[in-house]
Amino acid sequence: MASYYYFTATLPSLSQGSPPPFTHAEFLERAGRYLKPADMATLASAALYIPEDGSAPLPASGLNLLRLYYRWERGLRNELVRLRAQRLQKPSDRHLKPGDVEWDALRVAQAAFAADNPLDGELLIEKERWLLIERLAVNAFFDMTYLAAYALKLQALTRRELFKPAEGEAGYQTVYTSVLQSADYRNETGDTL
């Protein structure tokens, strides 16, 4: 596996909760100047989410970090599907992606699903995702494992920037009010509101 000492040394460090230093597209543009074409294809396939069919992108299959990360992500999504379907009393089979059970992902999904509100659940998932990426990239410094982990973390920081509690609460209230107005709602006395 190739080492990219110069390129990795130019990258600013990333820490959970901090703003991303640049966009994922800018990161890939920078990487394109230094990486071999095959390595660039692998790095470009390092996406925070797996494709809709549940399979890891082909270039990613050559990197252990990405194989394990996609297995975790698929397990997380499958468990969230099961939990939501169970709550709605609907079948979940057609929405599940093929793959083995990932026990750590199952634990994270259950904890996120049990969170007090959706924002807390998403924050928990993001924290656990970050920790997983760090575990998978331990002792990787100048190679493709490091760069793939960096790409995933950069995307996680970008996603985290989208969380706006005030806007989320306002959107929730709008939907909730709409549901109440369109429902035949009765208060505790049995009177229709």
Inset, instruction - Mind giving me the FRET efficiency for F22 and K164? R0 is 25 Å, r the Cβ-Cβ distance, nearest 0.05 is fine. - result: 0.75
Legend entry - Cα-centred dipole magnitude for the chain, charges only on beta-carbon of K, R (+1) and D, E (-1), debye, nearest 20: 520
Legend entry - Helical contribution to [θ] at 222 nm, DSSP H n ≥ 4, -39,500 (n - 2.57), averaged over the chain, rounded to 500: -19000 deg cm²/dmol
Inset, instruction - Convert each backbone phi in segment 2-17 into a coupling constant with the Karplus relation 6.51 cos²θ - 1.76 cosθ + 1.60 (shift: θ = phi - 60°), then list the ³J(HN,Hα) values in order as whole Hz, x for Gly and Pro. - result: 6, 10, 10, 4, 5, 4, 5, 5, 8, 7, x, 6, 10, 9, 4, x
Legend entry - Relative contact order (%) - criterion: Cα under 8 Å, at least six apart; region: the chain: 28
Inset, instruction - Give the relative contact order (percent, whole number) for segment 1-111; include only Cα pairs under 8 Å separated by 6+ residues. - result: 19
Inset, instruction - Please work out the FRET efficiency for the pair Y5 and Q110, using the Cβ-Cβ distance as r and a Förster radius of 41 Å; give the result to the nearest 0.05. - result: 0.50
Inset, instruction - Give the residue from A31, L43, P59 lying farthest towards the positive end of the charge dipole for segment 18-65; charges sit on Cβ (+1 for Lys and Arg, -1 for Asp and Glu) and the dipole is referred to the Cα centre. - result: A31
Inset, instruction - Excluding residues on the same chain fewer than 8 positions from K36, give the lysines whose Cα lies under 30 Å from its Cα. - result: K153
Inset, instruction - Report the FRET efficiency, 1/(1 + (r/R0)^6), for D53 and Q181, where r is their Cβ-Cβ distance and R0 is 41 Å, rounded to 0.05. - result: 0.60
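Bear in mind these aren't lab numbers, they're just calculated from the coordinates by the rules spelled out. Keep in mind that what you see is a predicted model, and the values were worked out from it rather than measured. Note that we place each Cβ from the backbone using ideal geometry, even for glycine, and neighbour counts take in every protein chain shown.
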